[in-house]
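Structure, as structure tokens:
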């Protein structure tokens with residue numbers, strides 16, 4: 001029994017490694033509607049609005065007066081699962097990722113020619129997956145909901161009209177929930193398992209922006225790693241017919257440590273004319289930090305010695321062996337007239353997972369993303385932005401086994417993303 005509880009608690013951390021959103025691993029890109037339109041190709045060099053607080057805090061030096069930028073991105077993902085094999089009966093109906101919204105909000109204030117301040121509230125990491133009740137792989141997860149919310153106060157300094165720097169500490173709150181249904185042993189009914197955990201941790205973002213020539217701007221942004229120590233509990237609801245002596249308690253204290261990785265973003269914005277701009281960017285993310293996950297459970301008692309001794313499973317380790325990733329993007333914008341700007345972009349994004357350790361909670365492959373966007377200046381002070389992205393992943397195979405439970409399948413994932421936002425200057 002203890003082995004089952006620890007394995008299930010471990011899967012809360014594994015849940016953090018699964019995402020069908022528009023960045024590798026469980027990272028989110030949705031911090032800028034204007035940036036989404038160009039595939040985030042110029043994220044660290046464009047500094048078009050207050051969302052530069054995240055994209056490159058040094059970009060605040062380019063913004064005049066005070067600005068507020070806010071918006072929301074919604075994701076509609078589709079999953080085609082084929083060739084399923086499992087020890088549990090069932091079939092897939094519908095998509096595993098619910099319709100998901102990602103909000104964002106930023107404020108900047110240029111105090112003088114040198115100094116600017118601002119703050120941002122956004123979601124840098126997160127996911128939501130919800131399989132149907134008869135999903136054949138439900139022993140490895142039926143419902144997952146993980147979110148990271150970040151508050152970032154920020155300051156920037158311009159040395160001159162060519163070079164500026166920026167820095168902002170980040171206050172990050174992570175919370176997660178997992179539900180799954182699994183038999184504890186052969187001949188026993190399925191048991192419903194629900195896990196919750198949360199933590200608050202700190203990091204920072206920093207950047208430099210260089211106006212290399214009159215028409216060329218280069219930006220470099222560093223997002224630090226953030227180390228979390230989640231604490232929570234595992235609730236157990238035994239199925240009808242489960243022998244009472246097997247379950248000594250219906251709640252177990254659980255803890256685990258996990259790092260969200262650091263990343264470097266380098267991009268270039270090039271003015272071709274008064275109307276045309278082109279953007280190019282690359283992002284390196286240190287996903288190799290996720291070598292394994294170690295989980296500790298407290299207060300576990302095992303009434304039936306046949307389920308294993310307590311000491312053997314007080315600590316458990318599961319290999320992940322993720323690798324570092326690169327993402328590359330190119331984009332362009334065209335100022336059609338005083339009111340309208342049109343945008344488009346193309347992104348290639350590596351997946352950090354590998355064929356050996358991929359599971360139903362990590363069913364992702366390398367991605368190609370095509371983006372379109374537009375901005376409309378309602379007045380000199382108010383601009384409305386909108387963007388659309390289509391994501392297509394390479395097909396991947398999942399093959400996972402834990403104890404008596406096994407599941408294998410072929411996953412083909414795609415997603416449509418829509419975003420709308422506004423920037424107000426005052």
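On a 0 to 90° scale, report how tilted helix 2-15 is relative to the longest principal axis of the chain, with both axes built from alpha carbons and the result rounded to the nearest 10.
Value to nearest ten degrees: 20.
Gain in length, residue 426 to residue 368, computed as 0.36 nm per residue apart minus the alpha-carbon separation, to one decimal in nm?
Values: separation 58, 0.36 × 58 = 20.88 nm, distance 3.81 nm.
Result for the pair: 17.1 nm of gain on full extension.
Using a Förster radius of 41 Å, what is the FRET efficiency between residue 111 and residue 76 based on their Cβ-Cβ separation? Nearest 0.05, please. Provide the component values of the computation, followed by the final result.
Values: r = 41 Å, r/R0 = 1.01.
Efficiency computed from Cβ-Cβ geometry: 0.50.
Can you give the helix-only mean residue ellipticity at 222 nm for the chain, where every DSSP H stretch with n ≥ 4 adds -39500 (n - 2.57) and the sum goes over all residues, rounded to the nearest 500 deg cm²/dmol?
Working: 3 runs with 23 residues, N = 426.
Rounded to the nearest 500, the figure is -1500 deg cm²/dmol.
How long are the semi-axes of the ellipsoid equivalent to the stretch 47-126, from square roots of 5 times the Cα gyration tensor eigenvalues, in whole Å, largest first? Could you put the intermediate results ahead of the total?
On the way: eigenvalues 390, 23, 15 Å².
Equivalent-ellipsoid dimensions as semi-axes: 44, 11, 9 Å.
Stick to Cα atoms and the Kirkwood definition of Rh, then tell me Rg/Rh for the stretch 147-232. Don't skip to the answer; put the middle values down first.
On the way: Rg = 22.2 Å, Rh = 16.6 Å.
Over the Cα atoms of the stretch 147-232, Rg/Rh equals 1.33.
Name the residue, out of 387, 377, 123, whose mean-square fluctuation peaks in a Gaussian network model built on the chain with Cα pairs under 10 Å.
Largest GNM mean-square fluctuation: 377.
For residue 121 paired with residue 266, estimate the spin-label separation in nm (one decimal), with each label point 7 Å from Cα along the Cα-to-Cβ line.
Result for the modelled spin labels: 3.6 nm.
How do 277, 194, 162 line up, fewest other C-beta atoms within 10 Å first? It would help to have the intermediate numbers written out before the result.
Values: 277 23, 194 17, 162 12.
Least to most surrounded, the residues fall as 162, 194, 277.
For the pair residue 273 and residue 377, what calculated FRET efficiency results from E = 1/(1 + (r/R0)^6), where r is the Cβ-Cβ distance and R0 = 22 Å, to the nearest 0.05?
Numbers: r = 19 Å, r/R0 = 0.87.
So, using R0 = 22 Å, E works out to roughly 0.70.
How high is the FRET efficiency from residue 159 to residue 282, r the C-beta distance, R0 35 Å, rounded to 0.05? Intermediate results must be reported in sequence, preceding the final value.
Values: r = 25 Å, r/R0 = 0.73.
Plugging the Cβ-Cβ distance into 1/(1 + (r/R0)^6) gives 0.85.
Running a GNM on the chain with Cα contacts under 10 Å, which residue among 342, 382, 272 ends up with the highest mean-square fluctuation?
Answer for the Gaussian network model of the chain: 272.
Only the coordinates and a few stated rules stand behind these numbers; no lab work does. Keep in mind that what you see is a predicted model, and the values were worked out from it rather than measured. Please note: Cβ atoms are built from the backbone with ideal geometry, for glycine as well, and neighbour counts cover all protein chains shown.
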